[in-house]
1. What about Phe101, is it closer than 13 Å to Glu228 by Cα and assigned to a helix (DSSP H, G or I)?
2. Which one is least open to solvent (accessible area, probe 1.4 Å), of the residues in region 260-314 that are hydroxyl-bearing (Ser, Thr, Tyr) and in a loop (DSSP other than H, G, I, E, B)?
3. Name the residue that is most open to solvent (accessible area, probe 1.4 Å), counting only residues in region 182-221 that are among the charged types (D, E, K, R) and without any contact (Cβ under 8 Å) to a residue 12 or more places away in the chain.
4. List the pairs whose first member sits in region 310-339 and is over 26 Å from Ile38 (Cβ atoms), whose second member is open to solvent by 10 Å² or more (accessible area, probe 1.4 Å) and in a loop (DSSP other than H, G, I, E, B), and whose Cβ atoms are under 6 Å apart, counting only residues at least 6 apart or on separate chains?
5. Being among the aromatic types (Phe, Trp, Tyr), touching a helix residue (DSSP H, G or I) at 6+ places or on another chain (Cβ under 7 Å) and more than 16 Å from Phe388 (Cβ to Cβ) is the requirement here; does Tyr62 meet it?
6. Would you please list the contacts, defined by Cβ atoms under 7 Å and residues six or more apart or on different chains, that run from a residue in region 222-235 that is on the phi > 0 side of the Ramachandran plot and open to solvent by less than 10 Å² (accessible area, probe 1.4 Å) to a residue that is in a helix (DSSP H, G or I) and at pLDDT 80 or above?
7. Could you list all residues from region 349-390 that are touching a helix residue (DSSP H, G or I) at 6+ places or on another chain (Cβ under 8 Å), farther than 19 Å from Gly226 by Cβ and modelled with pLDDT of 90 or more?
8. Any residue in region 143-150 that is closer than 28 Å to Leu413 by Cα and either without any contact (Cβ under 8 Å) to a residue 24 or more places away in the chain or assigned to a helix (DSSP H, G or I) (or both)?
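The values are calculated or read from the model by the stated rules, or taken from the named source; none is laboratory data. Since this is a predicted model, take the numbers as computed values, not measurements. Glycine also receives a Cβ, built like all others from the backbone with ideal geometry; neighbour counts cover every protein chain displayed. When the accessible area is computed, the model is the full protein with side chains, heavy atoms only, and any ligands, DNA or RNA have been set aside. Shrake-Rupley method; radii C 1.70, N 1.55, O 1.52, S 1.80 Å.
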Amino acid sequence: MIPKQENDILHPPKQEEQGLKRGLKSRHLTMISIGGAIGTGLFLSSGAAIHTAGPGGALLAYALVGAMVYFVMTSLGELAAFMPTSGSFSTYGSKFVDPAFGFALGWTYWFNWSMTIAAELAASTMIMKFWFPNSPSLLWSSSFLVLIFLLNYLSVKGYGEGEYWFSFIKVTAIVIFIIVGLLMIVGIMGGEAVGFKNFTVDDAPFPGGFMGVFIVFIAAGFSFQGTEIVGVAAGESEDPARNIPKAIKSVFWRILLFYVLAIFVIGLLIPYTNSSLQGDNVMVSPFTLIFEKAGVAFAASLMNAVILTAVLSAGNSSLYASTRMLYSMAKDGQAPRIFAKLNKRGVPVAGMILTCSIGMLAFLASIFGDGKVYIWLMNAIGITGFIFWLGISISHYRFRKAFIAQGHSLEKLPYKALWFPIGPIFAILIGMIVILSQNIQAFFSDHIDWGSVVAAYLGIPLFLGLWLGYKFVRKTKFVKLDEVEFDFDKKYE
């Protein structure tokens, strides 16, 4: 009999045993799908959206972006159920469009979520100063960075459990908020019935007109970012072919309930002319204002605690998604090999360290001010979300076309996206319009703020530079439909 040590050398463990651990259970994946996109974009930016575009304009903007995100997610669901990999749309872009396209998507995605960590940490300092107004920003941003690092460092189960409870608190808070809000609208709580009068106050419901809706798109896009993380998590799901479709099916109701209905309630209860909704004071959440109006004791402290939970959740997910993307790209030769190394618990520590170093941009808050840093970072990453959503839709369109062109039956797919090809085409068109229209209002002002313009459009030259640069160096070509390889029996990570 061969000794165990020698047998391990002659017959090393299978790759899937050496690689990422499939430690995310169905409940983790479902809660990640439900609560993954609920963050400061909804709790802090929704008020500014209503103030800018009015209740009708904000509702329309969130509904349009929500429809786009729904079709993006059904596209991602079809891809992720068939090919569950932590590289997600970077892998899909390389396989079904062009290796250079996938390379650019992967690095843009990593940049987006690395910067999101910084944005959420900057937001955390503002939230903590609600209770400790004279405390240093560096204290809170560094403490929370260490916390989310440790949650991810422990194991994928550490991330999954942390995100499960973070999301549970957020979902519970929003459900309670909507119930309280509806009771206030009909007059059961908070005094007399409000009804629909705030929808017609002054120039409402569309005081900003067509341009107002466009302006709100960036806030709406930032709010929905994180929805696609369930596709990245597929690589570490126990049974992706069953769990991914289950998670994707909840997307429609999540968008309808947690975004459209929440914006609708805020728009009915707070007139868009209320100065507290302006983006100048991100400490004041419309959720807090409504709970206070309902007479809920300690409403401000309670809501700020919930917002803090949302911030930690977003930071936790940001670190997870960005490091897994680096890991997958490193395995595919599109990132330095060091990022493909895992510790004994299956965690890519090198990628975590690099990503957290970018997250330290939040420490600039101690120099320039908390609110300014948060707005800068939000503007810088807002457009990148639409870029990789666009990439998902294009990859899915090419995937389905190649699948059919090669004579494969759609019955082989664990999950089939609805309304193909209308869904991905709609998402591509809306995505292109939003990307090209970011911060367009800046060009119509008397004094153009070139700093905000550069921040708003930063993602475009970043993506194009990565795509064309990699294409030039590696001489890559677009993948023809009949040359796409479908590995039906391959095990992905």
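1. no
2. The qualifying residue least open to solvent (accessible area, probe 1.4 Å) is Ser285.
3. Glu192
4. Hits for this filter: Met329/Ala335.
5. Yes.
6. Pairs that qualify, where the first residue is on the phi > 0 side of the Ramachandran plot and open to solvent by less than 10 Å² (accessible area, probe 1.4 Å) and the partner is in a helix (DSSP H, G or I) and at pLDDT 80 or above, are Gly226/Ala314; Gly226/Ser317.
7. Val349, Ala350, Leu354
8. Filtering region 143-150 for residues closer than 28 Å to Leu413 by Cα gives none.
So far as region 143-150 goes, no, none of its residues is closer than 28 Å to Leu413 by Cα and either without any contact (Cβ under 8 Å) to a residue 24 or more places away in the chain or assigned to a helix (DSSP H, G or I) (or both).
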